[in-house]
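J.: Dropping the structure in here first, questions after.
The values are calculated or read from the model by the stated rules, or taken from the named source; none is laboratory data. Source: prediction; values computed, not measured. Glycine also receives a Cβ, built like all others from the backbone with ideal geometry; neighbour counts cover every protein chain displayed. With ligands, DNA and RNA removed, areas are computed over all heavy atoms of the protein, side chains included. Shrake-Rupley method; radii C 1.70, N 1.55, O 1.52, S 1.80 Å.
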Amino acid sequence: MGKHKAGAAKTAASAAASETSSSANELRTNTAAEKTEDRPGQWVVFGAVLGTTHIIFVYLLMFANCNVLSLLSILLLSPVLPAVHHRMLAELAAYAWRAFIFWAQIVGGLTPVYSGDLHLLTRKKGEPKYPGSKLVIGNHLSFTDSFLFLCMAQTVGEEAHVRAFAKKSLAWQLPVVGWTASLLNFIFLSRNFEKDKVNISKQMKQLAQRSQYYSTRNYWLTIFPEGTRCRPDKLEESQAFAKSRGLPVFKHVLVPRMKGLLATLGEHDNTLRNSADAVIDCTFGYPLRRSGGK
């Protein structure tokens, strides 16, 4: 009996030790799982801090390059060496645009995928078919569309020479970026066509003239004919407008604003027709976010 009792005691002790070991293993497993679950949150915070730090750096770079140095160049170089002044403005802007492209691609995860005739613009395989200035148009879905214009221009070495249309109110109301645009010969519109028509003609002539000082002697003028981003409410308004005027009803884009585009193309001035050799028609699309965040 004593042996059986001792054996039973040993079995009970062994079972208790096994249960304790199992509980400890389960605790370690649960703790490891909790730590693993915490990691995505930590990476999100790290990514947010990294992205914020980088965009602050980009803005400081743009302020130094495109605001401070540009103003100094206007005061000191422009009166005596206008060619050097305009060439330097373009090259200073290029550093800022490249920093924005880096931020969008590396930090923001923007990955452009090109299709179509981009090879006709590249200089990597001899002289391109269309080596001159360009009018670049595209549909407008997101604020990142402007980054895609820059990414495309960078593939052919023209990122320093990208210029755009913008609202006149942004010229001085948007710190750093708006000031940069006003110094780089962006074309500002007031949404009053009679005024804008004269302004477009005047600034197109300035852009064509100043681009002769750039390294490639070209400019890329970008425009969104829709005038604003294609959001659901804007799409409904555009479709209602198209129906009321007997125009085609689009499902994915807005009815374009024709007056400004026609003025740019040369309805009242032939500057663009005489200085650009092609129109680049872009269609932007973004893949839907898959389930699981992938």
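J.: Mind listing whichever residues of region 121-150 are at negative phi, surrounded by fewer than 13 Cβ atoms within 10 Å (Cβ to Cβ) and either in contact with a strand residue (DSSP E or B) (Cβ under 7 Å, 6 or more places away or on another chain) or free of Cβ contacts under 8 Å to residues at least 12 places away in the same chain (or both)?
T.: 124, 125, 127, 129
J.: What number of residues within region 172-200 satisfy the criterion of being polar (S, T, N, Q) and touching a residue at least 24 places away in the same chain (Cβ under 8 Å)?
T.: 2
J.: Mind checking which residues of region 90-103 are open to solvent by 10 Å² or more (accessible area, probe 1.4 Å) and closer than 12 Å to residue 215 by Cβ?
T.: Once the filter is applied, which keeps residues that are open to solvent by 10 Å² or more (accessible area, probe 1.4 Å) and closer than 12 Å to residue 215 by Cβ, region 90-103 yields only 91.
J.: Cβ contacts < 9 Å: first residue modelled with pLDDT of 80 or more, restricted to region 156-171; second residue of a type in the set (Lys, Arg) and open to solvent by less than 10 Å² (accessible area, probe 1.4 Å), any location; separation 6+ or different chain. Result?
T.: From residues that are modelled with pLDDT of 80 or more, the pairs are 158/134.
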